[in-house]
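The values are calculated or read from the model by the stated rules, or taken from the named source; none is laboratory data. All figures in this text were calculated on a predicted structure; none of them were measured in a lab. Every residue, glycine among them, receives a Cβ derived from its backbone with ideal geometry; neighbour counts consider all protein chains shown.
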Amino acid sequence: MVNITAGLTNGWIVLALIIWVLPWKGVALWRAAKLSQKWWFIVLLVLNTIGILEILYIFIFSRPAMKRQGLLKTEEKKADA
């Protein structure tokens, strides 16, 4: 016999994961494209790490490139100093 409530619960979990991942992935892909980091863009597009890699890229890996290009705002520059 099919358990309908288990399917509904799994559906809500999937929906919650999609809502969590899409904004992180969108920002990470946008930043990688803006910084012309082709390999990061491909990795972020292909791998699904439930937002973990995207968050790490946004807050850790893209910072040096943004500093080099002068794209960090003054508040962010002060926080990093």
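Brief remarks follow.
- Residue within region 68-78 that is exposed (fewer than 11 other Cβ atoms within 10 Å of the Cβ) and modelled with pLDDT of 85 or more present: no
- So Leu56, is it at pLDDT 85 or above and not small (Gly, Ala, Ser): yes
- Just one residue in the set Trp20, Trp12, Trp39 is at pLDDT 85 or above, exposed (fewer than 15 other Cβ atoms within 10 Å of the Cβ) and over 10 Å from the mean Cα position of the chain (by Cα); that residue is Trp39.
- Restricting attention to region 52-72, the residues that are among the polar types (S, T, N, Q) and in a loop (DSSP other than H, G, I, E, B) total 1.
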